[in-house]
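Trainee: Just passing along the structure, written as structure tokens.
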Amino acid sequence: MTSIDLDRYFARIGLAPRRDATQATLDAIIAAHATAIPFENLDVLLDRRIELELAAIEQKLIVERRGGYCFEQNTLLLHVLEQLGFAVRPYSARVRFGRQRDFLPARTHLFCAVELDGRQLLADVGVGSMTPTCALSLDSSELQETPHEPRRIVFEDGRWFHQARLRDEWADVYEFTREEMPPIDRIVANWYTSAHPESHFRNRLIAARARPDGGRVSVLNRELTLRSRDGIAHTTMIESPDALLAVLEEHFGLAFPAGTRFGCAALDWP
């Protein structure tokens, strides 16, 4: 399978179908995708294989109305943009959010680089609670406003850093070198992310979605966090496995059969 049903994709993200390869279309797709299709690693915790074939991604994220992580989300975006006529390439990155600069994370993130009207743009719908909600210029280090947090791309020590401003501080989201990530590298990184016992996707439950009002909602293990556009966060504890299922359905549109339990020691239910 080399193409997807674009009409079905646009219906999934709640956006009127578009066929023009413009920045307005690119920004609209990113914003709608990030608010409609949640980032989540639930199949990893259910010991289900994460498939990267386009047909499997379309079935899961569009037909079954599930979410996924970067290799699923941005592979889908990559094909959507290609079908619309955008010049787009897959880039690799190392996720740094919540990590110090002296720690070297694995290169297990995929995002899209779009060339449009002589400019280089970053398009990413799969970096969890830090997913940007519009395209970002790769050619400028200046602050860039978005429907959610301000962003910037800075070059330091031979690397580019994608950063978000949370309240009054800049936080690294990920670093990259503009190296393309061919399919075989995605297959290897996807295996590590979903199967290696030390992968954090094997050891924590994650779900995240941007909200249309500029805020965000996320779940990390037993914590439900609602964050406003100004960065103020409110966190509550999820008290039981059944309450978790209710949260996933209410906030992310993810419905699982009653009694579903996720294999994650960090949930640590009393």
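The values are calculated or read from the model by the stated rules, or taken from the named source; none is laboratory data. If you're wondering where the values come from, they're calculated on a predicted model, not measured in any experiment. Neighbour counts run over all protein chains shown; Cβ positions are idealised from the backbone, glycine included.
Trainee: From the list E169, E180, E145, which one is at pLDDT below 95 and not hydroxyl-bearing (S, T, Y)?
Mentor: Unique residue meeting the criteria: E169.
Trainee: I need the full set of residues from the range 130-142 which are in contact (Cβ under 8 Å) with a residue 24 or more places away in the chain and farther than 21 Å from V88 by Cα, in order please.
Mentor: Within the range 130-142, M130 is the sole residue that qualifies.
Trainee: Another question, then. When residues of the range 96-142 are filtered for being of a type outside the set (S, T, Y), touching a helix residue (DSSP H, G or I) at 6+ places or on another chain (Cβ under 8 Å) and assigned to a loop (DSSP other than H, G, I, E, B), how many remain? First the steps, then the outcome.
Mentor: Going through the range 96-142, the residues of a type outside the set (S, T, Y) turn out to be 96-107, 109-128, 130, 132, 134-136, 138-139, 142.
Now restrict to residues that are touching a helix residue (DSSP H, G or I) at 6+ places or on another chain (Cβ under 8 Å): 97, 106-107, 109-112, 114, 116-117, 121, 123-127, 132, 134-135.
Narrowing further to those that are assigned to a loop (DSSP other than H, G, I, E, B): 97, 106-107, 117, 124-127, 132, 134-135.
Count: 11.
Trainee: Next question, about the same structure. Is there a residue in the range 61-69 that is part of a helix (DSSP H, G or I) and surrounded by fewer than 23 Cβ atoms within 10 Å (Cβ to Cβ)?
Mentor: For the range 61-69, residues part of a helix (DSSP H, G or I) and surrounded by fewer than 23 Cβ atoms within 10 Å (Cβ to Cβ): present.
Trainee: Among the residues of the range 143-191, write down those that are within 17 Å of R227 (Cβ to Cβ), in contact (Cβ under 8 Å) with a residue 60 or more places away in the chain and outside any strand (DSSP E or B).
Mentor: P147, H148, E149, R167
Trainee: Any residue at all in the range 212-222 that's part of a helix (DSSP H, G or I) and in contact (Cβ under 8 Å) with a residue 24 or more places away in the chain? Give the derivation first.
Mentor: Taking the range 212-222 as the starting set, the residues that turn out to be part of a helix (DSSP H, G or I) are none.
No, the range 212-222 contains no residue that is part of a helix (DSSP H, G or I) and in contact (Cβ under 8 Å) with a residue 24 or more places away in the chain.
Trainee: A follow-up question, please. Could you tell me which residue of the range 216-260 is nearest to T35 (Cα to Cα), considering only residues that are surrounded by 14 or more Cβ atoms within 10 Å (Cβ to Cβ) and of a type in the set (D, E, K, R)?
Mentor: R216
Trainee: A further question follows. Are there any pairs, at least 6 apart or on different chains, whose C-beta atoms fall under 9 Å, with the first in the range 48-69 and modelled with pLDDT of 95 or more and the second surrounded by fewer than 19 Cβ atoms within 10 Å (Cβ to Cβ) and among the acidic types (D, E), and if so, which?
Mentor: Once the first residue is modelled with pLDDT of 95 or more and sits in the range 48-69, its partners that are surrounded by fewer than 19 Cβ atoms within 10 Å (Cβ to Cβ) and among the acidic types (D, E) give I57/E51; E58/D5; Q59/E51; K60/E51; I62/D5.
Trainee: Does any residue of the range 25-45 turn out to be exposed (fewer than 14 other Cβ atoms within 10 Å of the Cβ) and either of a type in the set (D, E, K, R) or part of a loop (DSSP other than H, G, I, E, B) (or both)?
Mentor: Looking for residues that are exposed (fewer than 14 other Cβ atoms within 10 Å of the Cβ) and either of a type in the set (D, E, K, R) or part of a loop (DSSP other than H, G, I, E, B) (or both), one finds none in the range 25-45, hence no.
Trainee: Could you go through the range 253-267 and let me know if any residue there is part of a strand (DSSP E or B), out of contact with any strand residue (DSSP E or B) (no Cβ under 8 Å at 6 or more places or on another chain) and not aromatic (F, W, Y).
Mentor: No; the residues of the range 253-267 include none that is part of a strand (DSSP E or B), out of contact with any strand residue (DSSP E or B) (no Cβ under 8 Å at 6 or more places or on another chain) and not aromatic (F, W, Y).
Trainee: Could you tell me how many of the residues in the range 49-60 are closer than 19 Å to A195 by Cβ and either touching a helix residue (DSSP H, G or I) at 6+ places or on another chain (Cβ under 8 Å) or part of a helix (DSSP H, G or I) (or both)?
Mentor: 7
Trainee: For P90, only one of the following conditions fails: (1) surrounded by fewer than 21 Cβ atoms within 10 Å (Cβ to Cβ); (2) out of contact with any helix residue (DSSP H, G or I) (no Cβ under 8 Å at 6 or more places or on another chain); (3) at negative phi; (4) not aromatic (F, W, Y). What is its number?
Mentor: (2)
Trainee: Would you confirm, using the coordinates I've provided, whether T193 is under 18 Å from the mean Cα position of the chain (by Cα) and of a type in the set (V, I, T)?
Mentor: The answer is yes for T193.
Trainee: Given (1) over 15 Å from C70 (Cα atoms); (2) surrounded by fewer than 21 Cβ atoms within 10 Å (Cβ to Cβ), where does Y192 come up short, assuming only one miss?
Mentor: (1)
Trainee: Quick check on my filter: what residues within the range 75-87 are outside any strand (DSSP E or B) and either touching a helix residue (DSSP H, G or I) at 6+ places or on another chain (Cβ under 8 Å) or among the small types (G, A, S) (or both)?
Mentor: T75, L76, L77, H79, V80, L81, Q83, L84, G85, F86
Trainee: In addition: Being surrounded by 13 or more Cβ atoms within 10 Å (Cβ to Cβ), closer than 26 Å to P212 by Cβ and out of contact with any Cys (no Cβ under 7 Å at 6 or more places or on another chain) is the filter here; which residues of the range 139-160 pass it?
Mentor: Q144, H148, E149, P150, R151, R152, I153
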